[in-house]
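This report refers to the structure that appears directly beneath it.
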Amino acid sequence: MAIATDKSTPDKSTPDTEIAVPTEAEARAAANRRAVTRIVWMSSILWFAVPLVVIGVALAFVNIVLAVIVAVVVSAAVGIGRTMLIKSSANAVLRESFGGQPASPQNHARLVNLVEGLCIGSGIEAPEVLVIDDPGANLATFGAGSESVMLATTGLLESLGRVELEGVVAEGLGRIDQADAELAGTVAAFVLRSALRSGPSRNEGETARVSSRAASTAAAAFADDRHFVADLDAVSVTRFPPGLRTALVKMAATGTSVASATYGTALCWMCDPLGAPPDDTARRLVELVTQHPSMTLRIDLMAEL
């Protein structure tokens, strides 16, 4: 608001309103949500185009006008319907792929208290918190708003102290707040859906199929520095870089591989959940879907703060 030079005549040299400039966090959130929209629409268009061509060709010999009308109506219904079905069931499908049980206020009091406290302090809507029984130390997030989910492994909870766990939880909440978790879940549900049930340590009879096109789409959806940015955002909340640095050191020492992790959900994890691939086929898939930088680089970055 302008400052008046006297009580009767305001100073017109300063504008009465200020233009709100988005913060870096808000800009990243907006970019991630735009990426989510693109992926959803691309899926809808794909499933619109396929039946459009098939039905159009099939009816073209009968009546061109009829072929166009029927093809457009049916294709639109198929494309939009399938997209909405995937979108509405994405969280349920991902939860089934991840596994885990709701965090207990009695058995996981420290985790529950940290999530509640950080959410209140930062104004973020609290996610559903799940715990996965696995010795690996890792954290995953997916979804948006009231449907967001945070998953912690028992290995993470057992290996970290309160200050260290606070840094990791802050990072998870930051990923949710900036729509990184929403984007990761959307990529998993729409782009890497065929690989949701298969991983290096997990095979439920479904062979993972990840095309180069799908892998490229998944990789292009994210900024190259997303994990480094998430680390920096977390310490901007806790104001204590050594906490997250020590957490990363302990997580690296414990190991971040998670037995239930899949090729399709790898992008949802804070650190690489797949580990060393057991064979050439798994190695190819890991290279296609994993974008996690080395723990050493992330630890070194924290050491410089």
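The values are calculated or read from the model by the stated rules, or taken from the named source; none is laboratory data. Since we're looking at a predicted model, the values are computed, not measured. Neighbour counts are summed over all protein chains in view; Cβ atoms, including those assigned to glycine, are modelled from backbone coordinates with ideal geometry. Calculation scope for accessible area: heavy atoms of the full protein, side chains included, ligands and nucleic acids excluded. Shrake-Rupley method; radii C 1.70, N 1.55, O 1.52, S 1.80 Å.
Key figures
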| read-out | value |
| --- | --- |
| Subset of region 234-285 [of a type in the set (Val, Ile, Thr), modelled with pLDDT under 90 and surrounded by fewer than 19 Cβ atoms within 10 Å (Cβ to Cβ)] | THR281 |
| Residue within region 154-175 that is over 21 Å from ALA218 (Cβ atoms), at pLDDT below 95, in contact with a Leu (Cβ under 9 Å, 6 or more places away or on another chain) and surrounded by fewer than 23 Cβ atoms within 10 Å (Cβ to Cβ) present | no |
| Search result, residues across region 11-29 that are among the hydrophobic types (A, V, I, L, M, F, W, C), surrounded by fewer than 13 Cβ atoms within 10 Å (Cβ to Cβ) and either at pLDDT 85 or above or under 19 Å from ARG175 (Cβ atoms) (or both) | ALA27 |
| Count - residues of region 105-138 that are open to solvent by less than 20 Å² (accessible area, probe 1.4 Å) and of a type outside the set (A, V, I, L, M, F, W, C) | 4 |
| Residues of region 154-199 classified as under 18 Å from ALA234 (Cβ atoms) and not charged (D, E, K, R), total | 20 |
| Candidates PRO105, PRO127, filtered to the one that is more than 25 Å from VAL249 (Cβ to Cβ) and free of Cβ contacts under 8 Å to residues at least 40 places away in the same chain | PRO105 |
| Any hit, region 169-187, residues being within 30 Å of ASP280 (Cβ to Cβ), of a type in the set (S, T, N, Q) and not in a strand (DSSP E or B) | yes |
| Among (1) modelled with pLDDT under 95; (2) among the polar types (S, T, N, Q); (3) open to solvent by less than 10 Å² (accessible area, probe 1.4 Å), the one test that SER194 misses | (3) |
